[in-house]
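Participant: First the structure, which I've put down as structure tokens, then a few questions once you've had a look.
The values are calculated or read from the model by the stated rules, or taken from the named source; none is laboratory data. Note that the coordinates shown come from a computational prediction; the quantities given were computed from them, not determined experimentally. Don't worry about glycine lacking a Cβ; one is built from the backbone with ideal geometry, like all the others, and counts go over all protein chains shown.
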Amino acid sequence: MIVLPYTTLLFDIDDTILDFQASEKRALEKLFMHLNRPLTSEIADYYRQLNATLWQHYEKGNVTRNQLLNNRFTLLFRHFGEDIDGASIEKQYRSFLAEGHDQILGANTYGLDSVWFNPAHLHNSTPAEPTFEIDSLTTLKTIVN
């Protein structure tokens, strides 16, 4: 890990960076509102299960990232008896998901370093690219020392 001298640290603790699951939940809610469809707990639970399974397949090399992203909503809606264009829905979903990571994107835009606190080791499927990803707050010591 590269250690850089920092004189100032800015913390975002309002659940937009620190809680990917909350960002994912909000993005899914916004997507279903955009689609004018109800997001039931059954659909949300199935999406989370399906998404986790697809990412496991990706990590094992069974599917590509593009296959995963372009098919997860196709598979979700097919499970509930609907045929949809999963790739276009994915694009809209990712725009909603990116809203939850706009601080990291802002840091990228302005050349600032950022840290994503990711204790659950979730996959970052957004265009936001943090400088550092940590799973424990004590790891910050290694970045700032």
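Participant: Consider Ala128 against the criteria (1) at pLDDT 95 or above; (2) within 28 Å of Thr7 (Cα to Cα): it satisfies all of them except one. Which criterion is unmet?
Facilitator: Tallying (1) at pLDDT 95 or above; (2) within 28 Å of Thr7 (Cα to Cα), Ala128 fails exactly one: (1).
Participant: Here's a follow-up. Please enumerate the residues belonging to region 34-69 that are polar (S, T, N, Q) and either farther than 17 Å from Glu24 by Cα or loosely packed, with under 15 Cβ neighbours inside 10 Å (or both).
Facilitator: Asn36, Thr40, Ser41, Gln49, Thr53, Gln56, Asn62, Thr64, Asn66, Gln67
Participant: I would also like to ask the following. So is Phe77 part of a helix (DSSP H, G or I) and under 15 Å from Ala22 (Cβ atoms) or not?
Facilitator: For Phe77, the condition - part of a helix (DSSP H, G or I) and under 15 Å from Ala22 (Cβ atoms) - is not met.
Participant: A further question on this structure: Restricting the search to region 80-131, which residues are part of a loop (DSSP other than H, G, I, E, B), of a type in the set (Val, Ile, Thr) and surrounded by fewer than 18 Cβ atoms within 10 Å (Cβ to Cβ)?
Facilitator: Listed by number, the residues that qualify are Ile84, Thr131.
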